[in-house]
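Structure first, then comments.
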Amino acid sequence: ELFGQGLVGTPEDFGTRGERPTHPELLDWLAVEFMDSGWSIKHLLRLLVTSATYRQSSKITSELLARDPSDKLLARGPRFRLAAEEIRDNALAIAGTLNLKMGGPPARPPQPEGLWAKVSGEKTEYVPIAGLDQFRRGIYVVWKRSSPYPSMANFDATARLTCTVKRLRSNTPLQALTLLNDPVYVEAARALARRIERECPAATLDEQLRFGFRLCLSREPRREEVEILRTLFTHQRASGTAASAWDALATTLLNLDETITKP
């Protein structure tokens, strides 16, 4: 969950056909630490995320890439695409609309019409929920195994027909189209645009661009990146309104690979 791969690369198979651990002594030490902490998952997670190994930069050199392309030696920080549920939650959090309410019935955010009209021989109507509940975290999104929530399925969420220990990560055009056109992400982009305007009303354009960039990527933009965003905004504003220009800019920021990648 934290490093993108475990000390054993086949968590779905710890038998004779599975891979051997890359760091067997570390695995033993972590197992004992887990037991001695009273089987505290929070303690183990805190230990991992505050370690020097986890906090390394994910930058890679050509020499290191040739020697260890999969980072099995843990010589650099983890870098991989977020899980399907996390991509949605991340976009809502950036937009400032994520609802952190705990428990209760499942949420039904917008999805394409007709998917539930006739599934498994039964006519079932999907009615999207209104209000703040549609912005609840992905773990609360209603799940029909014969018709999984489509935007998450496009990002490799499983159908939950069987227990899946390890998800695969694919890279397809459908994923880009989802981030550009799915109602959840369209609304998230609009909310982000309004957030930039609302929280930086007196700032210069470049300051607003930097603010939106930091919200999405958690780092300061480089000069050339600011210039690209400024050009995009100026072009969009010339052919429309300031609001539509901010919407286009926010959509671009939410669709960057770096936005949906764990650095």
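The values are calculated or read from the model by the stated rules, or taken from the named source; none is laboratory data. This is a predicted model, so every value here is computed, not measured. Positions of Cβ are generated from backbone atoms using ideal geometry, with glycine treated the same way; all protein chains shown enter the neighbour counts. We work out accessible area using only protein heavy atoms, side chains counted, and drop any ligands, DNA or RNA first. Shrake-Rupley method; radii C 1.70, N 1.55, O 1.52, S 1.80 Å.
Brief remarks follow.
- Over the chain, Cα pairs under 8 Å with separation of 6+ residues give a relative contact order of 18 percent.
- Zero-based 5 Å bins, Cα pair distances in the chain, whole percents: 1, 5, 10, 13, 15, 15, 14, 11, 9, 5, 2, 1, 0
- Per the Debye calculation on segment 65-198 with a single equal scatterer at every Cα and no solvent contribution, log₁₀ I(q)/I(0) for q = 0.11, 0.22 Å⁻¹ amounts to -0.49, -1.45.
- Qualifying aspartates and glutamates (Cα of each under 16 Å from Cα of LYS123; at least 8 residues distant if same chain): GLU113
- Calculated mean residue ellipticity at 222 nm for the chain: -13000 deg cm²/dmol, from DSSP H runs with n ≥ 4 weighted as -39500 (n - 2.57), summed, divided by the residue count and rounded to 500.
- Segments 92-102, 61-71 sorted - mean Cβ within 10 Å per residue, highest first: 92-102, 61-71
- Whole-percent carbon and sulfur share, accessible surface of the chain, 1.4 Å: 56
- Straight-line reach from LYS144: taking Cα to Cα under 13 Å and skipping same-chain neighbours fewer than 8 places apart, the aspartates and glutamates in range are GLU122, GLU125.
- Surface per residue (accessible, 1.4 Å probe) for segment 22-110, Å²: 64
- Of the GluC sites (Glu not before Pro) found in segment 88-142, the ones in coil according to DSSP and having at most 14 other Cβ atoms within 10 Å of their Cβ are GLU113, GLU125.
- The modelled label-to-label distance for the pair GLU225/LYS42, using points 7 Å beyond Cα in the direction of Cβ, is 3.4 nm.
- Residues whose amide H comes within less than 5 Å of that of VAL141, counting only those at least five positions distant or on another chain, are ALA107 (H built at 1.01 Å from N in the peptide plane).
- Global form of segment 36-91, assessed from the alpha-carbon gyration tensor, a/c cut-off 1.5: oblate
- For segment 127-172, the solvent-accessible area of protein heavy atoms averages 60 Å² per residue (probe radius 1.4 Å; ligands and nucleic acids excluded).
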